[in-house]
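What follows is calculated from the coordinates using simple rules that are stated; it is not laboratory data. These figures come from a predicted structure and were not determined experimentally. Backbone-built Cβ (ideal geometry, glycine too); neighbour counts: all protein chains shown.
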Amino acid sequence: MIWRNYILAALTICVSSDIGIAFAQAPARVGEAAVVQNEVIRVSGSGGTQINVGDAVLRNETVRTGAASATRLVMIDSTNLSLGANSSITLDRTVFNDEHSYKDVTIRMTTGAFRFVTGHSDKNAYKITTGLATIGIRGTTLDILAQRNRTIVGLQAGAATACTTNFQCIQLTEPGDTAIITSAGGKITIQKTNNPPWTFANNCGAAAGLCTTTEFAGTPTFTPAVIEDPNGILCGK
């Protein structure tokens with residue numbers, strides 16, 4: 001009877017482990033599209049699929065807008081992220097804290113125009129990167145323009161830190177504070193102004209609701225814990 005119980009327990013562990021691995025391999029839903037104007041693509045390999053209002057945004061995927069296009073994405077913690085035309089982001093890292101917040105989230109803004117409004121997660125959970133900058137968040141509304149040789153980070157509300165890839169940093173503490181990071185001749189420089197040369201406001205008319213904020217209305221996908229059997233002894237692997 002005792003050996004029978006051991007065998008049943010081992011089989012239960014094997015089944016649970018396989019189910020856990022299957023869930024772990026499934027893409028996690030980390031947000032949804034609230035506003036979609038024209039071409040908004042979920043990039044996959046050399047192609048992509050159109051994103052529509054209400055569609056899921058998944059962990060580790062890239063979202064790209066076309067010409068005369070725009071979108072607003074709402075993450076599970078109600079962070080609102082607006083993209084103007086010809087813009088591309090990748091959700092590099094998302095670690096859930098609970099059903100409505102992140103422990104760690106990194107968003108890579110490859111190119112284009114963006115507005116970022118923090119949600120309910122701890123402000124230290126957020127990190128934004130561009131090709132030239134890393135941006136730390138402290139309860140913030142930010143306008144960000146990512147170009148090949150220039151990044152502009154404009155503070156609309158809250159506070160943020162903008163740093164170059166060679167660790168020059170500027171604190172943004174007042175509305176209008178703007179960091180301008182440029183790359184020329186192999187040298188990266190950063191300067192601060194309160195007279196921003198660009199803001200995302202010019203993009204707000206591209207689609208109704210692009211510059212508003214809303215709460216996340218969907219259901220996130222969680223990855224359950226996987227029971228470890230590294231040598232496969234229990235499951236005969």
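Given R0 = 41 Å, the distance between the Cβ atoms of Lys192 and Val53 translates into a calculated FRET efficiency of 0.60.
Coupling constants for region 169-175 follow from the phi torsions by the Karplus curve (6.51 cos²θ - 1.76 cosθ + 1.60, θ = phi - 60°), and in residue order they are 10, 9, 8, 10, 10, 10, x Hz; glycine and proline get x. What the phi angles of region 149-166 give under the Karplus curve with 6.51, -1.76 and 1.60, with θ = phi - 60°, is a coupling list of 10, 8, 10, 10, 10, x, 8, 9, 7, x, 7, 7, 10, 10, 10, 7, 5, 9 Hz, glycine and proline written as x. Annotation for Ala208 and Asp92: the two label points, set 7 Å from Cα along the Cα-Cβ direction, are 3.7 nm apart.
Highest mean packing first, where packing is the average number of other Cβ atoms within 10 Å per residue, the peptides 35-45, 69-79 line up as 69-79, 35-45.
The label-point distance for Asn124 and Ser46, in a model that sets each label 7 Å from Cα toward Cβ, rounds to 4.6 nm. Between the amide H of Asp122 and those of Tyr102, distances stay under 5 Å, these residues lying 5 or more places away or on another chain, with hydrogens modeled in the peptide plane. Local charge for Asn195 was computed over the other residues whose Cβ lies under 13 Å away, with Lys and Arg +1 and Asp and Glu -1, and equals -1.
Go ahead and collect, in residue order, the members of region 188-221 whose backbone nitrogen is under 18 Å from a label point 7 Å along the Cα-Cβ direction of Glu174. Hits in region 188-221 for Glu174 at 18 Å: 191-198.
Residues in region 39-44 carry Karplus couplings, in order, of 8, 10, 10, 8, 6, 9 Hz; the curve used is 6.51 cos²θ - 1.76 cosθ + 1.60 with θ = phi - 60°, and Gly or Pro positions show x.
With the simple model of a label 7 Å out from the Cα in the direction of the Cβ, Thr134 to Glu215 spans 3.4 nm.
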